[in-house]
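Below you'll find the structure, written out as structure tokens, and then a few comments.
The values are calculated or read from the model by the stated rules, or taken from the named source; none is laboratory data. In this text the structure is predicted, and so the values were computed from the model without any measurement. Cβ placement follows ideal geometry from the backbone for every residue including glycine, while neighbour counts extend to all protein chains displayed. Accessible surface is based on the protein model in full, side chains and every heavy atom, while ligands, DNA and RNA are left aside. Shrake-Rupley method; radii C 1.70, N 1.55, O 1.52, S 1.80 Å.
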Amino acid sequence: MGKVEGNNLKEVTENLSKDRQWIIRAALLAVCDIIAISMSYFLALMLRFDFIYSHIDSKYLEGYKNLIIPYCLCVVVIFYVFRLYHSIWRFASVYELERMIIAWIVFQVVILVIYAVNDIRMPISFWAGGAMIGFLLTTGERFAYRFLRGVHGGIEQHHISRKGQDRVMVIGAGESGRSIVHEFIMSKHLNSKVCCVIDDNPAKKNRYLDGVPIIGGRSEIENAVIKYGIT
């Protein structure tokens with residue numbers, strides 16, 4: 001009985017730890033989004049006046065100050081609704097990009113509503129430029145995480161190969177093969193290096209799968225084991 005209770009307590013503790021990590025990461029990402037939105041619309045305003053701050057009319061500066069807080073809050077709420085703080089961004093893909101696009105479309109609708117219900121009037125370039133820069137920054141910061149993890153994974157793979165750890169051959173350069181290669185590169189728990197990929201499709205020969213060479217069909221397996229020191 002005591003052992004069961006101990007296991008349950010351990011499981012609850014682990015779940016709380018994971019929830020805490022997600023909350024911290026989501027909060028940091030939300031802060032990055034707020035900074036990105038603030039910068040985007042300010043840069044759009046600066047761009048309108050050739051990046052000469054003194055040329056910006058005081059009414060536009062006041063309008064920016066009044067609008068930017070509601071904008072930032074709307075972005076965070078909309079992104080939360082579209083679960084853009086819930087994704088595992090090291091696996092970011094077209095699915096996350098689609099949700100970002102839809103979320104930004106909804107955000108633009110919200111901006112039109114805000115524009116309609118108040119008397120703050122800003123240059124058209126402020127709305128268009130802010131939206132484009134904001135989309136690029138908020139999307140870029142998410143996919144940059146995957147990029148940096150990929151670079152780090154590649155460095156780790158290089159160190160692993162030099163340490164003489166397991167050297168792996170993957171059979172199949174389809175979607176499943178790509179997932180396996182990607183997991184080997186991204187995982188911190190696998191002390192193995194993917195050295196080559198085998199696939200019978202001649203169109204894939206001498207191409208690369210996540211940076212790993214596809215060396216040919218199954219007839220190349222024996223030679224590849226010797227050439228790459230596959231363990």
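Here are a few things to note about the model shown:
- Boolean, residue 124 is under 30 Å from residue 21 (Cα atoms) and open to solvent by 80 Å² or more (accessible area, probe 1.4 Å): no
- Between 227, 193, the distinction of being open to solvent by 30 Å² or more (accessible area, probe 1.4 Å), farther than 17 Å from residue 172 by Cβ and in contact with a Lys or Arg (Cβ under 8 Å, 6 or more places away or on another chain) belongs to 193 only.
- Residue 62 being acidic (Asp, Glu) and surrounded by 14 or more Cβ atoms within 10 Å (Cβ to Cβ): no
- Filter pass, residue 193 being basic (Lys, Arg), touching a strand residue (DSSP E or B) at 6+ places or on another chain (Cβ under 7 Å) and either at pLDDT 85 or above or part of a strand (DSSP E or B) (or both): yes
- Criterion applied to 24, 35 was being more than 29 Å from residue 185 (Cα to Cα), modelled with pLDDT of 85 or more and not in a loop (DSSP other than H, G, I, E, B), and the one residue passing it is 35.
- Qualifying residue in the range 39-52 (condition: more than 30 Å from residue 21 (Cα to Cα) and of a type in the set (Lys, Arg)): yes
- Considering (1) farther than 16 Å from residue 139 by Cβ; (2) in contact (Cβ under 8 Å) with a residue 24 or more places away in the chain, the lone condition that residue 69 does not fulfil carries the number (2).
- Here residue 168 meets the list (1) closer than 18 Å to residue 225 by Cβ; (2) at pLDDT below 80 almost entirely, failing just condition (2).
- When the range 46-105 is filtered for residues that are part of a loop (DSSP other than H, G, I, E, B) and either among the hydroxyl-bearing types (Ser, Thr, Tyr) or modelled with pLDDT of 90 or more (or both), the ones remaining, listed by number, are 49, 50, 51, 52, 56, 57, 82, 85, 87, 93.
- Residues that are of a type in the set (Gly, Ala, Ser) and part of a loop (DSSP other than H, G, I, E, B), drawn from the range 196-222: 211, 217
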